[in-house]
Amino acid sequence: MERGEWRRGLWFCFSISLLTCLLSGCPPSEVPVTVDEVVGIVTDTSAKVFLQTGPYAADGAYFKMGYDTSPHEADRDYPLETPPELAVRSGGRLVLSIPGGLTPDTQYYYRIARKNSLQSDWIWREEGRFHTRRAAGSPFRFCVLSDLHLGRPPFPEPKTKIAQNVASDNPDFVVSLGDMLTFCNQGHGIPVECNFAYLQYILGGQQATFAAYEDAISQVLNEFTHSSMLLWVNGNHEGLAGYLTPCLERAWILNSRNRYLPLLNHADPFGFYGDLVWGDVHIIWLDPLAFSTYDPYQANQPQGYALGTAQAAWLEDTLAESTSRWKLIFSHTLFGGAGPDFPCAPAGSYARGNVNFVDTPGTDQNYIQYLMESYGVNAFFYGHDHMYSVSEYPGSSVKYVLVGSGSVSGWTSCLVPYYQPWAVINDQIGHLRVDVNEDSLVVHYVKAALDGTNGTILATHEIVPPPPP
Ligand SMILES: [Fe+2]
């Protein structure tokens with residue numbers, strides 16, 4: 001049953017109950033609630049599912065989770081359960097946790113149940129899935145989304161289609177590579193001009209930022225979050241740049257992220273950078289603006305997209321200790337990129353670029369490239385430029401994968417000549433599917449559309465290990 005059908009079914013049952021109630025006397029009221037599951041932190045033997053209960057969760061409602069490993073749906077009766085947890089109206093989310101005892105590298109199926117009081121019956125929701133951590137050598141799939149730029153609902157239908165296509169891929173996890181939510185305009189901040197830096201709806205206060213995350217999850221991301229982990233990487237529009245620290249709005253966004261999104265194995269307390277080892281892959285994600293002390297776009301200084309001391313030390317230590325077959329770095333932008341005075345709009349130092357812009361003097365991308373070559377990193381995945389393109393740094397085997405976009409933008413036509421000889425796709429929206437195989441990573445750029453071309457593979461690249469020295 002589709003989620004929308006589940007809700008319509010609930011309303012149908014509610015209507016029948018109301019009619020019965022009018023004829024024969026009303027039992028305690030059954031309040032329809034909006035609840036969306038986000039598969040949170042899954043390890044070898046444990047799992048957490050975050051319930052986004054929203055503002056409609058009635059006080060006194062209980063939730064629990066049953067889980068099963070039977071591959072055939074007809075055999076699944078979810079014999080193991082978490083204890084019932086009480087939801088509170090002000091909570092915004094509830095975490096159902098399986099603290100241990102799961103089997104590594106195993107597919108699990110779960111269902112959430114709810115009841116509005118201890119006396120009422122459990123109402124079971126539809127099934128979700130999670131897979132415990134893959135073992136070395138186990139093939140799997142993950143997906144990458146970038147630059148959906150979700151503003152205020154209703155969201156354009158093709159963006160929901162992207163999320164539905166991700167769900168069809170059934171990935172173990174999804175990397176959100178930034179600018180999923182558009183809170184903030186870059187181009188202000190010297191000195192900090194909070195009211196100009198943040199978009200007008202942020203003036204609605206903390207409740208508006210809560211609502212933005214809630215809308216994004218419940219209307220787009222919930223297409224896949226019930227069955228895939230969500231790994232959240234900041235973009236320049238998510239309003240969490242270091243130079244915006246004095247702004248009250250930044251604290252609202254941090255509060256909202258902590259309320260609605262799982263922080264997955266992050267290395268720092270705010271979730272700006274971190275890593276995940278899954279099967280043969282070591283995923284490392286970074287933030288080019290978390291430690292910026294000024295807005296590099298406003299200042300026209302690409303060096304402002306900087307690692308910072310703590311993130312740089314962590315990155316080098318993490319790469320030095322990594323024993324994974326595949327090492328992949330994810331960042332919304334290059335650490336520097338084009339500029340200063342790059343002519344394409346948005347102009348100046350806006351961290352545009354592919355391998356042609358790695359060597360911008362004084363930028364940390366030079367250092368990251370050095371580390372990637374030294375420690376055998378296979379690819380640097382990034383977004384921000386609203387295109388798909390794969391380029392290879394000269395003299396190394398490091399691929400720069402511009403992951404495609406959830407937005408088509410007219411300004412990308414200015415970028416295309418600067419990215420040659422590497423081909424780009426700048427007129428189609430979609431997501432990146434990554435298949436991790438024993439001897440290669442295969443990336444597909446998958447088109448999202450409202451017609452029969454939906455799901456078309458627009459481009460494919462294979463990434464293979466570097467030859468032995
Ligand atoms: Fe961006």
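The values are calculated or read from the model by the stated rules, or taken from the named source; none is laboratory data. Quick caveat, the model's predicted, so the values are computed rather than measured. Methodologically, a virtual Cβ is constructed for each residue, glycine included, from the backbone with ideal geometry; neighbour enumeration extends over all protein chains shown. Please note that ligands, DNA and RNA were not included when accessible areas were found on the heavy atoms of the full protein model with its side chains. Shrake-Rupley method; radii C 1.70, N 1.55, O 1.52, S 1.80 Å.
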Going by the conditions given, is residue 152 open to solvent by 20 Å² or more (accessible area, probe 1.4 Å), away from the ligand (no atom under 16 Å from the Cβ) and assigned by TED's automatic domain parsing to the domain that holds residue 406? yes
Residue that is nearest to residue 346 (Cα to Cα), among those in region 380-398 that are touching a helix residue (DSSP H, G or I) at 6+ places or on another chain (Cβ under 6 Å) and away from the ligand (no atom under 16 Å from the Cβ): 391
Single condition residue 335 does not satisfy, out of (1) within 21 Å of residue 231 (Cβ to Cβ); (2) more than 16 Å from the ligand (Cβ to nearest atom); (3) assigned to a loop (DSSP other than H, G, I, E, B): (2)
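Condition check ((1) farther than 22 Å from residue 290 by Cβ; (2) at pLDDT 90 or above; (3) buried (at least 21 other Cβ atoms within 10 Å of the Cβ)) across all residues:
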| residue | (1), (2), (3) |
| --- | --- |
| 179 | no, yes, yes |
| 186 | no, no, yes |
| 203 | yes, no, no |
| 206 | no, yes, no |
| 237 | no, yes, yes |
| 245 | no, yes, no |
| 248 | no, yes, no |
If we scan region 305-320, do we find a residue that is touching a Pro at 6+ places or on another chain (Cβ under 8 Å) and within 16 Å of the ligand (Cβ to nearest atom)? yes
Any idea which residue in region 223-235 is farthest from residue 43 (Cα to Cα), counting only those that are among the small types (Gly, Ala, Ser) and buried (at least 22 other Cβ atoms within 10 Å of the Cβ)? 235
Complete set of residues in region 436-466 that are surrounded by fewer than 11 Cβ atoms within 10 Å (Cβ to Cβ) and either free of Cβ contacts under 8 Å to residues at least 12 places away in the same chain or touching a strand residue (DSSP E or B) at 6+ places or on another chain (Cβ under 7 Å) (or both): 451, 452
